[in-house]
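Since the structure comes first, as structure tokens, the remarks are kept for the end.
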Number of protein chains: 2
Amino acid sequence: MTEEALMLSLHRDATVTEHALRRYYSEADEDIAPLLQSEQYSLFAGGKRIRPALTLEFCRLFGGEEEAALPFACAVEMIHTYSLIHDDLPCMDDDDLRRGKPTNHKVYGEAVALLAGDALLTGAFEAAASNTAAGAEISAMAVAYLASCAGRSGMIGGQIMDIEGERRSLTLDELLKLHSLKTGALMNAACVLGALAAGLHLGDPRMEQVSAYAENIGLAFQIVDDILDCTGDEATLGKRVGVDAAHQKNTFLSFYSVEEAQFYAERLTRTAVNAIRGYAGSEMLCALAEWLAKRKL
Amino acid sequence: MTEEALMLSLHRDATVTEHALRRYYSEADEDIAPLLQSEQYSLFAGGKRIRPALTLEFCRLFGGEEEAALPFACAVEMIHTYSLIHDDLPCMDDDDLRRGKPTNHKVYGEAVALLAGDALLTGAFEAAASNTAAGAEISAMAVAYLASCAGRSGMIGGQIMDIEGERRSLTLDELLKLHSLKTGALMNAACVLGALAAGLHLGDPRMEQVSAYAENIGLAFQIVDDILDCTGDEATLGKRVGVDAAHQKNTFLSFYSVEEAQFYAERLTRTAVNAIRGYAGSEMLCALAEWLAKRKL
């Protein structure tokens with residue numbers, strides 16, 4: 001698949017997702033207007049929508065209907081967005097720029113930003129549990145899986161390791177675990193929920209390939225993130241660079257040169273691609289994995 | 001039912017709930033130890049466990065099994081606890097005392113407290129969605145209902161109104177809506193989830209009585225809270241008093257004298273009791289409603 005075809009495909013998935021996301025905000029209650037504005041400010045801030053694309057594409061790969069995957073795709077994106085809002089708060093990374101715009105709390109204040117994050121997290125589970133196209137059994141399974149990936153044994157666990165790690169140097173094994181939790185777990189949920197929406201059960205042997213793809217692109221994604229924070233362009237990225245060094249964060253560049261890290265990311269990408277290339281219709285997911293490892297933003 | 005019998009009954013429900021809550025923390029991962037400690041610090045800080053008692057008692061009232069109600073009872077208590085942790089943060093109410101102990105962020109720092117709240121909220125939905133005793137259909141319905149009560153159209157919506165209200169005087173109608181969202185919605189979820197666990201559907205006519213009970217005790221509870229913040233004893237309450245006045249919060253005492261407010265709370269309590277007194281086995285729930293309106297802590 002050409003990069004042009006990949007971008008078209010990504011754009012189509014993003015459009016479908018954004019249309020579905022907007023529907024969750026169709027009722028306007030004046031009394032909570034600042035909350036709704038704050039949520040939508042971050043939810044529609046021009047994210048790349050990689051996670052919802054993974055959900056939609058894995059659902060298609062296993063012959064499922066888009067309708068059954070969409071609420072899960074939205075739920076994953078809401079959780080991704082909440083994590084960015086909370087992560088940017090002064091008590092966390094204290095970032096003032098995200099996707100080229102002021103961070104949520106810079107615009108709406110800390111209290112509203114905190115609550116907007118809480119509301120997005122809560123809304124994610126409401127969306128996933130109300131997935132009538134997938135049915136109650138798949139929805140309950142998806143909520144439990146998503147919560148487990150987003151919670152203390154997943155993304156939040158990774159954030160705690162990140163915070164605690166600022167006080168000391170992590171070993172490479174610890175750093176790998178941190179990123180597997182902080183980035184890989186939600187990427188994995190995005191892929192697995194797509195497969196669930198297509199009717200696969202968690203015990204299905206094909207799920208191992210889904211998770212192998214997800215975990216490898218998740219780690220490759222994070223390595224490229226570390227490289228870009230060191231070598232990337234602020235205007236292109238839409239966020240501050242050099243933040244990791246300033247916060248004394250543990251990154252892959254504490255262990256590898258930029259070239260070695262890039263090589264490592266490409267090796268992980270090959271492993272991800274090999275896990276799913278045998279399936280008819282996996283071209284977009286393979287191209288996406290390769291693009292993520294080469295991206296400049 | 002005597003107050004002694006009520007206290008015994010509440011204590012029994014609290015013990016069962018705490019035993020079930022502990023099981024969610026049985027796996028110890030050293031790498032996330034500060035998160036686990038912070039979550040448990042607030043979750044086991046000696047709360048009265050009124051919400052889980054409501055869930056368990058409504059399940060019993062409609063002939064359900066305790067086992068099916070317990071994960072929902074735990075989920076509601078986790079959400080209640082997360083809301084207290086986030087509410088106490090410096091960017092929100094900036095409280096340093098809760099249940100006679102330093103607030104979570106005073107002990108663990110703001111970043112860990114923020115993430116502990118996030119993890120409790122996430123863990124609540126994982127617990128509710130994994131309720132195998134109730135089954136997938138009831139679990140999916142419970143997650144969607146709980147999320148709707150806890151989210152932007154419920155508790156979080158009430159918190160936004162509370163924050164925005166600090167800048168101006170609310171009308172009595174706005175204050176009633178604020179408290180119906182901020183306190184009533186989660187109380188309502190606690191009661192409704194108990195009934196769901198017993199097999200009632202959301203459209204069941206009996207659910208109207210469940211919600212009538214819940215909404216009236218929720219409002220009465222909040223009125224008594226306002227009275228206690230004005231007249232209560234700091235040592236007995238285990239939290240600062242006079243906070244509402246200091247924060248220029250809108251309270252019922254902006255509209256009523258203490259005597260009128262107490263009378264109002266008792267009238268709501270009678271309405272709550274009348275909604276369910278016809279059911280055999282409703283004695284504990286009736287006694288609980290009456291005790292909540294008379295409580296001094």
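The values are calculated or read from the model by the stated rules, or taken from the named source; none is laboratory data. Keep in mind that what you see is a predicted model, and the values were worked out from it rather than measured. Note that each Cβ is placed from the backbone with ideal geometry, even for glycine, and that neighbours are counted across all protein chains shown. Calculation scope for accessible area: heavy atoms of the full protein, side chains included, ligands and nucleic acids excluded. Shrake-Rupley method; radii C 1.70, N 1.55, O 1.52, S 1.80 Å.
One residue is enough: does the range A:209-216 have a residue meeting the conditions within 18 Å of residue A:84 (Cα to Cα) and either open to solvent by less than 20 Å² (accessible area, probe 1.4 Å) or modelled with pLDDT under 95 (or both)?
no
Which of (1) farther than 29 Å from residue A:138 by Cβ; (2) part of a helix (DSSP H, G or I); (3) touching a residue at least 12 places away in the same chain (Cβ under 8 Å); (4) not polar (S, T, N, Q) is the odd one out, the single condition residue A:33 does not satisfy?
Status for residue A:33: all satisfied but (3).
Output the residues belonging to the range A:62-80 that are part of a helix (DSSP H, G or I), open to solvent by 10 Å² or more (accessible area, probe 1.4 Å) and more than 14 Å from every other protein chain (Cβ to nearest Cβ).
Of all residues in the range A:62-80, those part of a helix (DSSP H, G or I) come to A:66-80.
Remaining after also requiring open to solvent by 10 Å² or more (accessible area, probe 1.4 Å): A:66-67, A:70-71, A:80.
Selection gives A:66, A:67, A:70.
If you scan the range A:220-236, which residues turn out to be open to solvent by less than 30 Å² (accessible area, probe 1.4 Å) and touching a residue at least 24 places away in the same chain (Cβ under 8 Å)?
Selection gives A:220, A:221, A:222, A:223, A:224, A:226, A:227, A:228, A:232.
Within the set of pairs 6+ apart or on separate chains, which have a first residue in the range B:64-75 that is without any contact (Cβ under 8 Å) to a residue 60 or more places away in the chain, a second that is open to solvent by less than 10 Å² (accessible area, probe 1.4 Å) and among the polar types (S, T, N, Q), and C-beta atoms under 7 Å apart?
Between residues of the range B:64-75 that are without any contact (Cβ under 8 Å) to a residue 60 or more places away in the chain and residues that are open to solvent by less than 10 Å² (accessible area, probe 1.4 Å) and among the polar types (S, T, N, Q), the close pairs are B:74/B:17.
Can you tell me which residue in the range A:122-143 is most open to solvent (accessible area, probe 1.4 Å), limited to those that are more than 9 Å from chain B (Cβ to nearest Cβ) and either hydrophobic (A, V, I, L, M, F, W, C) or not in a loop (DSSP other than H, G, I, E, B) (or both)? Talk me through it step by step, then tell me what you get.
Of the residues in the range A:122-143, the ones more than 9 Å from chain B (Cβ to nearest Cβ) are A:132-134.
Narrowing further to those that are either hydrophobic (A, V, I, L, M, F, W, C) or not in a loop (DSSP other than H, G, I, E, B) (or both): A:133-134.
Numbers: A:133: 51, A:134: 19 Å².
So, considering only residues that are more than 9 Å from chain B (Cβ to nearest Cβ) and either hydrophobic (A, V, I, L, M, F, W, C) or not in a loop (DSSP other than H, G, I, E, B) (or both), the one most open to solvent (accessible area, probe 1.4 Å) is A:133.
Is it the case that some residue within the range A:238-253 is out of contact with any Cys (no Cβ under 9 Å at 6 or more places or on another chain), farther than 24 Å from residue A:174 by Cα, open to solvent by 20 Å² or more (accessible area, probe 1.4 Å) and touching a residue at least 60 places away in the same chain (Cβ under 8 Å)? Break it down into steps so the answer makes sense when it comes.
Filtering the range A:238-253 for residues out of contact with any Cys (no Cβ under 9 Å at 6 or more places or on another chain) gives A:238-240, A:243, A:246-250, A:252.
Remaining after also requiring farther than 24 Å from residue A:174 by Cα: A:238-240.
Subsequent filtering for residues that are open to solvent by 20 Å² or more (accessible area, probe 1.4 Å) retains A:239-240.
Of the ones still in play, those that are also touching a residue at least 60 places away in the same chain (Cβ under 8 Å) are A:239-240.
Yes, the conditions are met somewhere in the range A:238-253.
Kindly list the number of the only condition in (1) within 11 Å of chain B (Cβ to nearest Cβ); (2) in a helix (DSSP H, G or I); (3) more than 23 Å from residue A:13 (Cβ to Cβ); (4) at pLDDT 95 or above that fails for residue A:164.
So the condition that residue A:164 fails would be (4).
Suppose we filter B:100, B:135, B:184 for residues that are under 15 Å from the mean Cα position of the chain (by Cα) and not polar (S, T, N, Q); which single one remains?
Values: B:100 fails: under 15 Å from the mean Cα position of the chain (by Cα); B:135 fails: under 15 Å from the mean Cα position of the chain (by Cα).
So the residue among B:100, B:135, B:184 that is under 15 Å from the mean Cα position of the chain (by Cα) and not polar (S, T, N, Q) is B:184.
Looking at the range B:144-187 only, could you name the residues that are charged (D, E, K, R) and crowded, with 24+ Cβ neighbours inside 10 Å?
Within the range B:144-187, B:152 is the sole residue that qualifies.
One line per residue, one yes/no per condition, for (1) modelled with pLDDT under 95; (2) away from chain B (no Cβ under 13 Å):
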{"position": "A:35", "(1), (2)": "no, no"}
{"position": "A:54", "(1), (2)": "no, yes"}
{"position": "A:60", "(1), (2)": "no, yes"}
{"position": "A:82", "(1), (2)": "no, no"}
{"position": "A:91", "(1), (2)": "no, no"}
{"position": "A:95", "(1), (2)": "yes, yes"}
{"position": "A:99", "(1), (2)": "yes, yes"}
{"position": "A:113", "(1), (2)": "no, no"}
{"position": "A:120", "(1), (2)": "no, no"}
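For the range A:81-95, which residues satisfy the criterion of being free of Cβ contacts under 8 Å to residues at least 60 places away in the same chain and either assigned to a helix (DSSP H, G or I) or open to solvent by 30 Å² or more (accessible area, probe 1.4 Å) (or both)?
A:81, A:82, A:84, A:85, A:86, A:88, A:90, A:91, A:94
Among A:93, A:29, which is the only one that is charged (D, E, K, R) and either within 14 Å of the chain's Cα centre (by Cα) or within 30 Å of residue B:175 (Cα to Cα) (or both)?
Residue meeting the stated conditions: A:29.
Taking the range A:1-30, which residues are open to solvent by 50 Å² or more (accessible area, probe 1.4 Å) and not in a helix (DSSP H, G or I)?
A:1, A:2, A:24, A:26, A:27, A:28, A:29
Among the candidates A:111, A:116, A:195, A:190, single out the residue that is open to solvent by 10 Å² or more (accessible area, probe 1.4 Å), part of a helix (DSSP H, G or I) and not hydroxyl-bearing (Ser, Thr, Tyr).
A:111
Conditions (1) within 11 Å of chain A (Cβ to nearest Cβ); (2) free of Cβ contacts under 8 Å to residues at least 60 places away in the same chain; (3) under 17 Å from the mean Cα position of the chain (by Cα), marked per residue:
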residue	(1), (2), (3)
B:109	yes, yes, no
B:150	yes, no, yes
B:188	no, yes, yes
B:199	no, no, no
